[in-house]
Amino acid sequence: EMLRTGALRQVIALPERFAAHLSGAWQIWVLSRPAGRPLYTVRMVDLTRLRPDQVPTDDAGWSAVWADPATSREIEAIELLDEDVLLLPARHVEAPVRDVAPEYDQLRASLERLARDLDVKLPALPRGRGPAPQTLISVMDLVRLGAISFVEKGGPVQAGDVVVPAGADRFDAFVVGPDGQRVPGEVLRCDPEVIDPYFLACFLRSETNRRSAAGTQGGTFRLDLRRARIPRLPLSEQRQYGEAFRRLTEVTDRIDAVARLANEAVQTAIYGLTSGVFSPGPAHGQAESRPARSRSRKGD
């Protein structure tokens, strides 16, 4: 109905992870109350290929976006009033084909080098003495004692913070590295003289916390981080657990890095194939492989 009356003026598709508290596909709809003789056109703006920090914040930036045919296009409203009204700018704005050949060659070389140097050996761990009684303390009690604190949602993270990503059905806690990468979720900051962050992340991931920290809210299953419990141990013992956890997760971090690079390389290759940058045939100067023919000898 907004299309028919000319009230919908723009549909702007935002980049993924546009804000720390947002996930999935988000749009801005620009509306105008129809007056006189409305313009029955809609400006489709596709910013999904940009980084979040590249989204304009001033008039000059938006004017540049609207003038760029790779990101913006005016569509007659009647073209959108189909059986399936799909207001997705990416369906209506075609970006010019990028020459991804140099990028793909670099990704191939990087992936080959990273895979060659990949060390997937898990650390050897000595056998323990079995379950032992432990004094446990909840995350909320540690907050009250000042040993840890919750970082405000959307606030900056720093190296050593413990992040519990949102949306998981368990506490997939990890410790932020030097790059300070922000991941949507709850963030805990430890007093390093009281709590070792790797130790905290290790026990947050425990099966005990997976089972016991589950609560309900309006009949919906959720995990309550404040109810999670960890053992009360001297800092020296915490650091031993933390070091073992760090060495274990380093293995998955290295494998994840290879997987991310491989996925980027494959997506770049698919873009090249489907846009005409690449051909599915053998590369120039590369002999096409043929099945070897077996030679029959007399008497065989």
* Do you know which residues across region 187-207 are surrounded by 13 or more Cβ atoms within 10 Å (Cβ to Cβ) and farther than 13 Å from ALA159 by Cα? -> VAL194, ILE195, PHE199, LEU200, ALA201, CYS202, PHE203, LEU204, ARG205, SER206
* Could you run through region 145-186 and say how many residues are modelled with pLDDT of 90 or more and loosely packed, with under 11 Cβ neighbours inside 10 Å? => 1
* Taking region 208-236 only, how many residues are at pLDDT 85 or above, over 28 Å from the mean Cα position of the chain (by Cα) and open to solvent by 30 Å² or more (accessible area, probe 1.4 Å)? -> 5
* For residues in region 86-105 being within 24 Å of ALA262 (Cβ to Cβ) and of a type in the set (Asp, Glu), which is nearest to the chain's Cα centre (by Cα)? -> GLU103
* Asked: Identify, please: which residue in region 114-123 is in a loop (DSSP other than H, G, I, E, B) and open to solvent by less than 90 Å² (accessible area, probe 1.4 Å) and is, among those, nearest to LEU261 (Cα to Cα)?
  -> LEU118
* Asked: Is it the case that some residue within region 71-79 is of a type outside the set (A, V, I, L, M, F, W, C) and open to solvent by less than 80 Å² (accessible area, probe 1.4 Å)?
  -> yes
* Unmet criterion (only one of (1) open to solvent by less than 70 Å² (accessible area, probe 1.4 Å); (2) modelled with pLDDT of 70 or more; (3) of a type outside the set (Phe, Trp, Tyr); (4) under 21 Å from GLU112 (Cβ atoms)) for ILE255 -> (1)
* Asked: Mind checking whether some residue in region 13-29 is modelled with pLDDT of 85 or more, of a type outside the set (Lys, Arg) and touching a Pro at 6+ places or on another chain (Cβ under 7 Å)?
  -> yes
* Asked: Of the residues SER32, SER63, which single one is more than 30 Å from PHE278 (Cα to Cα), surrounded by 12 or more Cβ atoms within 10 Å (Cβ to Cβ) and small (Gly, Ala, Ser)?
  -> SER32
* Asked: Which residue pairs have Cβ atoms closer than 9 Å, lie 6 or more positions apart in sequence or on different chains, and pair a first residue in region 25-40 that is touching a residue at least 60 places away in the same chain (Cβ under 8 Å) with a second residue that is surrounded by 13 or more Cβ atoms within 10 Å (Cβ to Cβ)?
  -> GLN27/VAL11; GLN27/ILE12; GLN27/ALA13; GLN27/LEU14; GLN27/LEU87; GLN27/LEU88; GLN27/PRO89
* Structure fact -> Within region 42-60, residues exposed (fewer than 14 other Cβ atoms within 10 Å of the Cβ) and either touching a strand residue (DSSP E or B) at 6+ places or on another chain (Cβ under 8 Å) or modelled with pLDDT of 90 or more (or both) come out as ASP58, ASP59, ALA60
* To do: Report whether or not GLY146 is over 28 Å from the mean Cα position of the chain (by Cα), within 18 Å of TYR241 (Cα to Cα) and of a type outside the set (A, V, I, L, M).
  => no
* For region 158-170, does any single residue satisfy the condition of being assigned to a helix (DSSP H, G or I) and within 13 Å of LEU225 (Cα to Cα)? -> no
* To do: Answer yes or no as to whether ARG108 is farther than 30 Å from ARG226 by Cα, touching a residue at least 12 places away in the same chain (Cβ under 8 Å) and either of a type in the set (Lys, Arg) or open to solvent by 60 Å² or more (accessible area, probe 1.4 Å) (or both).
  => yes
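The values are calculated or read from the model by the stated rules, or taken from the named source; none is laboratory data. Owing to the predicted nature of the structure, the values given are computational and were not obtained by experimental measurement. A quick note on method: Cβ atoms are made from the backbone with ideal geometry, for glycine too, and the neighbour counts reach across all protein chains shown. We work out accessible area using only protein heavy atoms, side chains counted, and drop any ligands, DNA or RNA first. Shrake-Rupley method; radii C 1.70, N 1.55, O 1.52, S 1.80 Å.
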